[in-house]
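The values are calculated or read from the model by the stated rules, or taken from the named source; none is laboratory data. Computed from a predicted model, the values in this text were never measured in an experiment. For neighbour counting, all protein chains shown are included, and Cβ atoms are generated from backbone atoms with ideal geometry for every residue, glycine included. Each accessible area value is taken on the protein alone, full model and side chains, heavy atoms only, with ligands, DNA and RNA left out. Shrake-Rupley method; radii C 1.70, N 1.55, O 1.52, S 1.80 Å.
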Amino acid sequence: MFQPLLEAGLRQTMQRLVRPMLSNAVPLKLQRQLIRQAYRSSVPPRSARFVRDDLGDVPVVRTTATATPSGTILYLHGGGYIIGSASTHRGITGHLAKLSGCEVITPDYRLAPEHPFPAAVDDAESVYLALISQGLSANSLALAGDSAGGGLSIALAMKLRDHKHPLPSSITCFSPWVDLSQGALYQPEREPVLQESWTANAARMYAGDTPLTTPLISPVYGQLDHLPPLLIQVGSEEILLNDATRLADVAKRDGVATRLEIYNNLWHVFQVHCGQLDRATEAVQVAADHVRAHLAS
């Protein structure tokens, strides 16, 4: 009985508090401040430890929840490429570290509009290659991300492939934003988190003068062949549902081992409620299992 009430309460919280923050009527500086406060409700497990570091001239947060991590996850945070940080996502990265037994590294990649495309992709690549240069095997490294960070994880893998760099062992995407042209947005009966006008504005700020259908901006317009096994999770109550299903279709078309999970009656990046909402915890556990299944033994 408690879980359905909690789910309803969290949905109302997202709709009444978070969704109004993500509005073009709110100045971007204030959005960034407000979203930092909103993410305080996403609580990491007590075992999680966070250490700031620098990799490839990009600031990162290293997250561990076990004494001897068995692998590494490069986690790219969401926020439409204009808000969010490694700090805002400590809840989800902390739980992912605990459930996977891996170290999770979250870059503070540069944000638009101050730093438009390709800044985010370049920063993600710099961190990845710094890990490789330190002797980390690509087979012991996984990519993951939510929303814009989910799309960024696909773009990073595409760039690594095109530059002949070793690819990670797997990719996990939570509610990935992979078509910034928004040509096929889903129209749910209710959308507790995102507003189409906000994502459209964020897309323009990130892309700048580059066409929105550029594959490293909108991966559904690219070739995904030779990418590692892919897990995609998405809620049925979000405008990015079609982004997730289209990404799965393109990945399967190009021969990528792909698993798509649609969680009925849940919202955009519901995994931030891991540790509180059972279905969110179960989803992150599935993601952790996906990561572990493909790490080098």
Filtering the stretch 173-185 for residues that are surrounded by fewer than 17 Cβ atoms within 10 Å (Cβ to Cβ) and in contact with a helix residue (DSSP H, G or I) (Cβ under 9 Å, 6 or more places away or on another chain) leaves a count of 1
Review point. Just a yes or no: is a residue in the stretch 165-172 surrounded by fewer than 21 Cβ atoms within 10 Å (Cβ to Cβ) and closer than 15 Å to Val256 by Cβ?
Key: yes
The number of residues in the stretch 23-50 that are touching a residue at least 12 places away in the same chain (Cβ under 8 Å) and either closer than 25 Å to Glu191 by Cβ or not charged (D, E, K, R) (or both) is 18
### Message
I'd like to check something: does the stretch 2-16 contain any residue that is on the phi < 0 side of the Ramachandran plot and assigned to a loop (DSSP other than H, G, I, E, B)?
### Response
no
Scanning the stretch 80-94 residue by residue, those more than 13 Å from the chain's Cα centre (by Cα) and open to solvent by 20 Å² or more (accessible area, probe 1.4 Å) turn out to be Ser87
How many residues of the stretch 127-157 are touching a Phe, Trp or Tyr at 6+ places or on another chain (Cβ under 6 Å) and either over 24 Å from Ile83 (Cα atoms) or among the aliphatic types (A, V, I, L, M) (or both)? The answer is 2
Residues of the stretch 188-222 being more than 25 Å from Ser236 (Cα to Cα) and assigned to a helix (DSSP H, G or I), in sequence order, are Arg204, Met205, Tyr206, Ala207
_Being on the phi > 0 side of the Ramachandran plot, touching a residue at least 60 places away in the same chain (Cβ under 8 Å) and surrounded by 15 or more Cβ atoms within 10 Å (Cβ to Cβ) is the requirement here; does Ser218 meet it?_
no
Note on the stretch 31-76: residues within 20 Å of Gly275 (Cα to Cα), open to solvent by 60 Å² or more (accessible area, probe 1.4 Å) and in contact with a strand residue (DSSP E or B) (Cβ under 9 Å, 6 or more places away or on another chain) are Arg49
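A quick yes/no check of all residues on (1) buried (at least 18 other Cβ atoms within 10 Å of the Cβ); (2) not in a strand (DSSP E or B):
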position: Leu224; (1), (2): yes, yes
position: Glu237; (1), (2): yes, yes
position: Asp249; (1), (2): no, yes
position: Val256; (1), (2): yes, yes
position: Glu261; (1), (2): no, no
position: Gln271; (1), (2): yes, yes
position: Glu282; (1), (2): no, yes
position: Gln285; (1), (2): no, yes
position: Asp289; (1), (2): no, yes
